[in-house]
Amino acid sequence: MIGRLNHVAIAVPNLEAGVARYRDTLGAQVSAPQALPEHGVTVVFVTLPNTKIELLEALGEGSPIGKFLERNPEGGIHHICYEVSDIRAARDTLSATGLRVLGDGEPKIGAHGNPVLFLHPKDMNGTLVELEEVAAA
Ligand code: CO
């Protein structure tokens, strides 16, 4: 069921500074910022040869990463994202084993225009896990 590692997401207090670090200091290719109001974040993607790094900045009131940044003012690893080929089938299989899916369980459209879901960190060894449906996963 589980496919490739699509990205590791890092919450940052200041997206511009985060971009500068990856682009200018580390010499990586960084996408333009993308506001995702439905997810309460602005994101950029850092493209690496074998995966991506997603930098997340809080967007708007009650951002889901607001509390995380309060606890981790310097930022920190927020979630990891695995690809699946059929997100609803994956959800149903995982739910049947007792794994909790966050929210109402219906996939939302993520930063790549693909359906995504999040699994409860308490069921995943303390790691927030995003599943993204990717056709060739
Ligand atoms: Co993500």
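Please order 45, 68 by the number of other Cβ within 10 Å, starting at the fewest. Could the numbers behind the result be given before it?
Numbers: 45 22, 68 18.
Sorted ascending by nearby Cβ count, the order is 68, 45.
Long-range amide H contacts for residue 6: which residues qualify at under 5 Å (H placed 1.01 Å from N, peptide plane, sequence gap of 5 or more or a different chain)?
Result for residue 6 returns 81, 82, 83.
Normalised by the residues of the chain, what does the relative contact order come to in percent, with Cα pairs under 8 Å and at least six apart? Let's see the in-between values first.
Working: 277 pairs, mean separation 35.4, N = 137.
That works out to 26 percent.
How big is the equivalent ellipsoid of segment 63-137 along its three axes, where each semi-axis is √(5λ) from the Cα gyration tensor, reported in whole Å from largest to smallest? Mind showing how you got there, number by number?
On the way: eigenvalues 101, 45, 22 Å².
They are 22, 15, 11 Å, listed largest first.
With θ taken as phi - 60° and the coefficients 6.51, -1.76 and 1.60, list the Karplus ³J(HN,Hα) couplings across segment 119-129 in order, rounded to whole Hz; mark glycine and proline as x.
Taking θ as phi minus 60°, the curve returns 9, 4, x, 5, 8, 10, 6, x, 10, 6, 10 Hz for segment 119-129.
Treating segment 2-137 as a set of equal point scatterers at the Cα positions, no solvent, please give the Debye-formula log₁₀ I(q)/I(0) at q = 0.12, 0.14, 0.16 Å⁻¹.
Debye intensities relative to I(0), on a log10 scale: -0.46, -0.63, -0.83.
Sticking with the crude label model, points 7 Å out along Cα→Cβ, report the distance from residue 20 to residue 95 in nm, one decimal please.
4.5
Expected output is a single nm value to one decimal: the length gained when fully extending between residue 71 and residue 28, i.e. 0.36 nm times separation in residues minus the C-alpha distance. What is it?
Numbers: separation 43, 0.36 × 43 = 15.48 nm, distance 2.78 nm.
Here the segment from residue 71 to residue 28 would lengthen by 12.7 nm.
For the Cα atoms of the chain, what angle does the longest principal axis make with the long axis of helix 87-96, in degrees from 0 to 90, nearest 10?
60
Tell me which residues come under 5 Å, amide H to amide H, from residue 110 once H is placed; ignore anything under 5 positions away on its chain.
Close amide H contacts, sequence-distant or interchain: 116.
Residue by residue through segment 46-61, what is 3J(HN,Hα) from phi via Karplus (6.51 cos²θ - 1.76 cosθ + 1.60, θ = phi - 60°)? Round to whole Hz and write x for glycine and proline.
Karplus values, whole Hz, x for Gly and Pro: 9, 8, 10, x, 10, 6, 10, 10, 9, 9, 10, 10, 4, 10, x, 6.
Taking the number of other C-beta atoms within 10 Å as the exposure measure, put 123, 24 in order starting with the fewest. Before the final figure, lay out each step's value.
Numbers: 123 15, 24 10.
Ascending number of Cβ neighbours within 10 Å: 24, 123.
Counting only DSSP beta bridges with both residues in the chain, what percent are antiparallel, rounded to the nearest 5? Each step should come with its number before you reach the end.
Numbers: 25 of 35 bridges.
The antiparallel fraction comes to roughly 70 percent.
Rule-based calculations on the coordinates, nothing more; no lab input. These numbers were taken from a predicted model, which means no experiment stands behind them. Please note: Cβ atoms are built from the backbone with ideal geometry, for glycine as well, and neighbour counts cover all protein chains shown.
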